[in-house]
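Step one of this worksheet: look at the structure below.
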Amino acid sequence: MRVDSILRLAWQETRGSRARLGLYVASAALGVAALVAIQGFGENLAVAVDGEARELLGGDLRVEGRAPLPDSLYTELADMAAGEARVTTLASMVFFPKTKEAELSSVRGVAGAYPLVGALKASPQDAVARFAEGGGALLDPVLLNRASVAIGDSIQVGFRRYEVLGTV
């Protein structure tokens, strides 16, 4: 039997199921295209995060714990480090005296030259320099708007008040 006869016979046998065959082939092609697109997106995202990791982290190494870290760890790391910043993060109620409202917020206390890599972007521009001098607070713009406070107003965390220096 010749090849063209075999192909013609195979084509005739598919008469009743050509639509299903087309659907299966199209579904398989669409599935492969989706997998390739997702894998490509994942690879691009990994490359972008790796490229920006130092700036996103604010340094090269991050050590964190649920309890205060021992001083011996800081002395060991100080030998390796070019710079050091300590950031303490906690959830706390923040009181806004202007509106007499309180809101649960993520509070970060910073000691040292943070971030070690990159720079904080704040509005107004001198807010970061004023913050580094001490005695103020930088708020997330969303929190600033939601709490209806303005730059120059004060907030209270625990028993201590801070002037709002700007947004970060």
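The values are calculated or read from the model by the stated rules, or taken from the named source; none is laboratory data. The model shown is predicted, which means the values in this text are computed figures rather than measured ones. Don't worry about glycine lacking a Cβ; one is built from the backbone with ideal geometry, like all the others, and counts go over all protein chains shown. Ligands, DNA and RNA are excluded from the accessible area calculation, which covers all protein heavy atoms including side chains. Shrake-Rupley method; radii C 1.70, N 1.55, O 1.52, S 1.80 Å.
What does the accessible area per residue of the range 28-168 come to in Å², with a 1.4 Å probe and no ligands, DNA or RNA counted?
72 Å²
Under unit Cβ charges (Lys, Arg +1; Asp, Glu -1), what dipole magnitude, rounded to 20 debye, does the range 1-110 have relative to its Cα centre?
1020 debye
Over the range 46-120, how many percent of alpha carbon pairs lie in each 5 Å bin up to the one with the longest distance?
Each 5 Å bin holds this share of Cα pairs: 3, 12, 17, 20, 16, 14, 10, 5, 3, 0.
Need one number: % antiparallel among DSSP beta bridges in the chain, to the nearest 5.
Of all bridge pairs located within the chain, approximately 85 percent are antiparallel.
Set Lys and Arg Cβ to +1 and Asp and Glu Cβ to -1, take the dipole of the range 52-168 about its Cα centre, and tell me which of 59, 102, 113 lies farthest positive.
Of the options given, the answer is 102.
Between the DSSP loop rule and a limit of at most 11 other Cβ atoms within 10 Å, which trypsin sites (Lys or Arg not before Pro) in the range 61-150 are left?
Those satisfying the criteria are 62, 66, 100, 121.
What number, rounded to the nearest 500 deg cm²/dmol, is the helix-based mean residue ellipticity at 222 nm of the chain, given -39500 (n - 2.57) per DSSP H run of at least four residues and division by all its residues?
Computed ellipticity for the chain at 222 nm equals -14500 deg cm²/dmol.
Through the Karplus equation 6.51 cos²θ - 1.76 cosθ + 1.60, θ set to phi - 60°, convert the phi angles of the range 145-156 into ³J(HN,Hα) values in whole Hz; use x for Gly and Pro.
Once θ is set to phi - 60°, the couplings for the range 145-156 become 6, 5, 8, 6, 10, 10, 4, x, 6, 10, 10, 10 Hz.
Which loop GluC sites (Glu not before Pro) in the range 84-149, with loop taken from DSSP, have no more than 15 other Cβ atoms within 10 angstrom of their Cβ?
Answer in residue order: 84.
If contacts are Cα pairs under 8 angstrom and at least 6 residues apart, what is the relative contact order of the chain in percent?
Contact order relative to length: 18 percent.
Filter the trypsin sites (Lys or Arg not before Pro) in the range 1-57 down to the DSSP loop ones having no more than 10 other Cβ atoms within 10 Å, then list what survives.
Answer in residue order: 2.
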